[in-house]
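*Asks:* Mind looking over this structure? Questions follow.
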Amino acid sequence: MNKENPIGIFDSGVGGTSIFKEIHKLLPQENIIYLADSKNAPYGYKTKQEIIDLCFKNTDLLLKKGCKIIVVACNTATTNAIQEIRSNYNFPIIGIEPAIKPAALHSQKKVIGILATKGTLSSELFLETADLFTKGIEVIEVIGSGLVEAIEAGKQNEESTRKNLESLLKPMLEKGIDQLVLGCSHYPYLIPQLKKILPKEVCIIDSGEAVAKQTKTVLKSLNLLSELPPKAPVFFSNTSTKVLEQLLENNSKKRFTINYLDF
Ligand code: DGL
């Protein structure tokens, strides 16, 4: 495998760009290809087998494009399919999971909230991790109904989304959480709204930076860190590219290539 081959990232849609940004910030010399499978979003209401099949489709495409490592920038895909992807492909695969451990460790009140998709919260991997790290901690889990759909539609800053968030967070606020785990890669785009709703002492935790660090560690251990100046990151979406463009433009002055691709 060549060091200059790209890092491949996929998500059920545009949300994984929050992970892309962390990877791009930490590893600016890397070529990156991103797949937004928005046509099939949300993954969170699909069966485990449907999620596995979608992950295989996305992984096959990234491998065809010559990627040297795959980042599954989707908690739902990781918690439901990472074992199957790793055993099907003899290839470096990085996943993302809700950051339960740091939330439990940092919680003073011993009450934490986890906002994630139905698929993530009901997965075996999530249940095992939660069991391992939350002894003596009260965990308030809430399915983020409608949130992925709102972000896919570019409505993260709208009033309707704020209202939905307020009602989703109510049980967490009633219990007095001091840590909120964002267990979905779409949700970092809700941070401006969340900050308006949550009391100041509630710490919002997402896993993006940890995933970027893990990607660097694995590439380094395989001697696959790029040494040449990169090309512009390339994005493929299988629906309209409008929201993808907005999310990337809002946060960076860098140039990207964004294409429609039927995959
Ligand atoms: N970004 C995906 C995640 O992290 C969204 C899941 C979905 O498509 O429902 O879980």
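*Asks:* For the stretch 57-77, which residues satisfy the criterion of being part of a helix (DSSP H, G or I) and either farther than 22 Å from Ile114 by Cα or open to solvent by 10 Å² or more (accessible area, probe 1.4 Å) (or both)?
*Replies:* Looking only at the stretch 57-77, we keep the residues that are part of a helix (DSSP H, G or I), and these are 57-64, 75-77.
Result: Lys57, Asn58, Thr59, Asp60, Leu61, Leu62, Leu63, Lys64.
*Asks:* Select from the stretch 18-53 the residues that are open to solvent by 20 Å² or more (accessible area, probe 1.4 Å) and within 15 Å of the ligand (Cβ to nearest atom) and list them in ascending order.
*Replies:* Lys21, Glu22, Lys39, Asn40, Ala41, Pro42, Tyr45, Lys46, Thr47, Lys48, Glu50, Asp53
*Asks:* To continue, here is another question. Among the residues of the stretch 127-144, write down those that are closer than 15 Å to Asn75 by Cα and surrounded by 14 or more Cβ atoms within 10 Å (Cβ to Cβ). Explain how you work it out, then say what you get.
*Replies:* First, the residues of the stretch 127-144 that are closer than 15 Å to Asn75 by Cα: 127-130, 141-144.
Matches in the stretch 127-144: Thr129, Ala130, Glu141, Val142, Ile143, Gly144.
*Asks:* Can you tell which of Val211, Val181 is within 15 Å of the ligand (Cβ to nearest atom) and in a strand (DSSP E or B)? Spell out how you get there, then give the answer.
*Replies:* Values: Val211 fails: in a strand (DSSP E or B).
From the options Val211, Val181, the qualifying one is Val181.
*Asks:* Can you name every residue in the stretch 78-103 that is open to solvent by less than 20 Å² (accessible area, probe 1.4 Å) and part of a loop (DSSP other than H, G, I, E, B)? Working first, answer last.
*Replies:* Within the stretch 78-103, the subset open to solvent by less than 20 Å² (accessible area, probe 1.4 Å) is 78-82, 85, 93-94, 96, 98-100, 103.
If the condition is that a residue be open to solvent by less than 20 Å² (accessible area, probe 1.4 Å) and part of a loop (DSSP other than H, G, I, E, B), then Ile96, Pro98, Ala99 are the ones that fit.
*Asks:* Any residue in the stretch 23-42 that's of a type in the set (Phe, Trp, Tyr): show its pairings with residues that are more than 10 Å from the ligand (Cβ to nearest atom) at Cβ separation under 6 Å, as long as the two are six or more apart or on different chains.
*Replies:* Within 6 Å, the pairs are Tyr34/Ile9; Tyr34/Phe20; Tyr34/Phe235.
*Asks:* Tell me, which residue of the stretch 145-158 that is open to solvent by 40 Å² or more (accessible area, probe 1.4 Å) and without any contact (Cβ under 8 Å) to a residue 60 or more places away in the chain is nearest to the ligand (Cβ to nearest atom)?
*Replies:* Within the stretch 145-158, the match that is nearest to the ligand (Cβ to nearest atom) is Ser145.
*Asks:* Give the number of residues within the stretch 123-153 that are closer than 24 Å to Ile191 by Cα and in a helix (DSSP H, G or I).
*Replies:* Total satisfying the criteria: 8.
The values are calculated or read from the model by the stated rules, or taken from the named source; none is laboratory data. No experiment lies behind these values; they were computed from the predicted model shown. Cβ atoms come from the backbone with ideal geometry, glycine included; neighbour counts cover every protein chain shown. These accessible areas exclude ligands, DNA and RNA; they are computed on the full protein's heavy atoms, side chains included. Shrake-Rupley method; radii C 1.70, N 1.55, O 1.52, S 1.80 Å.
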